[in-house]
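Q: The following block contains the structure, expressed as structure tokens.
The values are calculated or read from the model by the stated rules, or taken from the named source; none is laboratory data. Source: prediction; values computed, not measured. Here the Cβ positions follow ideal geometry from the backbone for every residue, glycine too, while neighbour counts run over all protein chains shown. Protein only, heavy atoms only, side chains kept; ligands, DNA and RNA dropped before computing areas. Shrake-Rupley method; radii C 1.70, N 1.55, O 1.52, S 1.80 Å.
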Amino acid sequence: MNLSKPRSGYTLPVFACAAALAALHRLKNALQPIPSVSVDLIEPAETVEISIEQVAGIKEGMALAITRSDPGDNLDLTRNTPIWAMVEFQNRQNSSQQNLSDSESQITIQGGEGIGRQMNANEQPAIYAYARRLLQENLSRHLQAEEKITVTIILPEGRQLATRTSNEAFGVIEGLSLLGTSAISQPLSAPGQLDAYCEELRQKAGNFNELVLCVGENGLDLAKNLGVNPEQLVKTANWLGPILAVAGTVGLQSLLLFGYHGKLIKLAGGIFHTHHHLADGRLEILCAHCGNLGLPAQDLQAIFKCATAEDALQYLRTLDQAAGTDWVSLVYRAIAQKIDQRSQNYIRNHTEAGVLVGSVMFDRKRQIIVKSDLGASLLAKFC
């Protein structure tokens, strides 16, 4: 049995930054070989060497470099995918009118082929804050005050890979996003990562008796944006059952489940491992609650035929807008209360401990749909 710790890798922004640095180095010194570049990760505060696969000049003042994603011991679909960065010097005339000491004035970042577009942000490229900061800070150190560049990040396989993700559920279309708040790609799907999550929960429970369990990167990011103390956040993947069981053994008084409704809704049906390859039942659970609350049969049938939970939510919203009803609130409040009840029972059945569990669910636009009664009370404490 291999008991070695799973190997961490790096997130896509790190490789995009490495490729951009290599392209810039090529522009600065066309004769120097570039087998690797040093990237300041910022988060965490360390510098690492990233291998460069290819680099070439395209034309005068423009270069292209290629690297490949290495997420570590993670079943990440971006493993070994190529990341291209094209860097071009801009026209430097009239630069005195701008403050070129500001890296944002010197560096324009664009999304090329394979970088998704944000439907909720005027179709801006899905290059988020950490990725932009990483590029700005690393590249600006190699620019003279009068120099300006345009950086275009390209993921040649991004559009195809995006069809295998839930990006569209969060409003990112036609490609992948450069998402993340840190450089380190934790091996979420590798054996041993569950132990790492459980250990984090144990450590934080030593300092707090109330914690927030964030399902995935989107939940973690949104919770931080709402003002939750990062020290009280515990990120998890699909292993919610084991995490809840640990919560019952470490003396926690209460736990807030914070996640996308398409994940958390499964808990209302007693599914405590939420990966879709193991078990699904989101539409069935949603239909059961709708039927119990009296939604007409033709609407139940329409919801059952929806492709995703997000589509079903939109169907209920359309009903409410057309008829002045309140199905979204009624149905999701019932589901949230059931999530709380089943989660508390799960902890009690496995550990005999009484931990209060509340829930908060958000949609693909990162807008909160519902807070259970306890979830609302807990969220107010954390924020």
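Each row is one residue, and each column tells you yes or no for (1) of a type in the set (Val, Ile, Thr); (2) more than 19 Å from residue 268 (Cβ to Cβ); (3) open to solvent by 40 Å² or more (accessible area, probe 1.4 Å).
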site: 310; (1), (2), (3): no, no, no
site: 316; (1), (2), (3): no, no, no
site: 322; (1), (2), (3): no, yes, yes
site: 330; (1), (2), (3): no, no, yes
site: 350; (1), (2), (3): no, no, yes
site: 353; (1), (2), (3): no, yes, no
site: 375; (1), (2), (3): no, no, no
site: 380; (1), (2), (3): no, yes, yes
site: 383; (1), (2), (3): no, yes, yes
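Q: Conditions first: (1) acidic (Asp, Glu); (2) under 25 Å from the mean Cα position of the chain (by Cα); (3) open to solvent by 50 Å² or more (accessible area, probe 1.4 Å); (4) under 16 Å from residue 252 (Cα atoms). Residue 340 passes all but one, so which condition is the exception?
A: Tallying (1) acidic (Asp, Glu); (2) under 25 Å from the mean Cα position of the chain (by Cα); (3) open to solvent by 50 Å² or more (accessible area, probe 1.4 Å); (4) under 16 Å from residue 252 (Cα atoms), residue 340 fails exactly one: (3).
Q: Just for the range 122-156: of the residues that are under 19 Å from residue 85 (Cα atoms) and among the acidic types (Asp, Glu), which one is least open to solvent (accessible area, probe 1.4 Å)?
A: Here the answer is 147.
Q: Right, something else. Please work out which residue is farthest from residue 273 (Cα to Cα), limiting yourself to the range 333-370 and to residues that are touching a Leu at 6+ places or on another chain (Cβ under 8 Å) and part of a strand (DSSP E or B).
A: Among those that are touching a Leu at 6+ places or on another chain (Cβ under 8 Å) and part of a strand (DSSP E or B), it is 369.
Q: Condition first: over 22 Å from residue 354 (Cβ atoms) and open to solvent by less than 30 Å² (accessible area, probe 1.4 Å). Now tell me which residues in the range 198-216 satisfy that.
A: Passing the criteria: 214, 215, 216.
Per-residue answers, yes or no, for (1) crowded, with 18+ Cβ neighbours inside 10 Å; (2) free of Cβ contacts under 8 Å to residues at least 60 places away in the same chain; (3) among the small types (Gly, Ala, Ser):
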position	(1), (2), (3)
218	yes, no, no
222	yes, no, no
228	yes, no, no
237	yes, yes, yes
246	yes, yes, no
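Q: Got at least one residue in the range 321-332 being part of a helix (DSSP H, G or I) and charged (D, E, K, R)?
A: Taking the range 321-332 and keeping what is part of a helix (DSSP H, G or I), we get 321-323, 327-332.
From what is left, the residues that are charged (D, E, K, R) are none.
No; the residues of the range 321-332 include none that is part of a helix (DSSP H, G or I) and charged (D, E, K, R).
Q: Quick one: is residue 263 open to solvent by 10 Å² or more (accessible area, probe 1.4 Å) and under 15 Å from residue 342 (Cβ atoms)?
A: yes
Q: Next question, about the same structure. Kindly indicate whether residue 262 is in a helix (DSSP H, G or I), more than 11 Å from residue 382 (Cβ to Cβ) and not hydrophobic (A, V, I, L, M, F, W, C).
A: Judged against the criteria, residue 262 is a match.
Q: Could you list, ordered by first residue, the pairs with Cβ atoms under 6 Å in which the first is in the range 42-55 and within 16 Å of residue 67 (Cβ to Cβ) and the second is part of a loop (DSSP other than H, G, I, E, B), at least 6 apart or interchain?
A: Pairs that qualify, where the first residue is within 16 Å of residue 67 (Cβ to Cβ) and the partner is part of a loop (DSSP other than H, G, I, E, B), are 52/34; 55/34.
Q: Among the residues of the range 293-339, what is the count of those that are more than 21 Å from residue 263 (Cα to Cα) and of a type in the set (Val, Ile, Thr)?
A: The number of residues fulfilling the criteria is 2.
Q: A follow-up question, please. Assuming residue 114 fulfils every condition listed in (1) open to solvent by 10 Å² or more (accessible area, probe 1.4 Å); (2) modelled with pLDDT of 90 or more apart from one, which condition is it?
A: Answer for residue 114: the failing condition is (1).
Q: Is at least one residue of the range 73-88 at pLDDT 95 or above, assigned to a strand (DSSP E or B) and in contact with a Phe, Trp or Tyr (Cβ under 6 Å, 6 or more places away or on another chain)?
A: Yes; the residues of the range 73-88 include at least one that is at pLDDT 95 or above, assigned to a strand (DSSP E or B) and in contact with a Phe, Trp or Tyr (Cβ under 6 Å, 6 or more places away or on another chain).
Q: Quick one: what pairs do we get from the range 97-123, first residue among the small types (Gly, Ala, Ser), second at pLDDT below 80, C-beta under 7 Å, 6+ apart or different chains?
A: Close Cβ pairs (under 7 Å, with a partner that is at pLDDT below 80) amount to 105/98; 105/99; 116/167.
Q: Here is a check on your reading of the model: is residue 279 surrounded by fewer than 18 Cβ atoms within 10 Å (Cβ to Cβ) and among the aliphatic types (A, V, I, L, M)?
A: Yes; evaluated as a whole, the condition is true for this residue.
Q: Pick from the range 157-197 the residues that are polar (S, T, N, Q) and open to solvent by 60 Å² or more (accessible area, probe 1.4 Å): which of them is modelled with the lowest pLDDT?
A: Among residues in the range 157-197 that are polar (S, T, N, Q) and open to solvent by 60 Å² or more (accessible area, probe 1.4 Å), the one modelled with the lowest pLDDT is 186.
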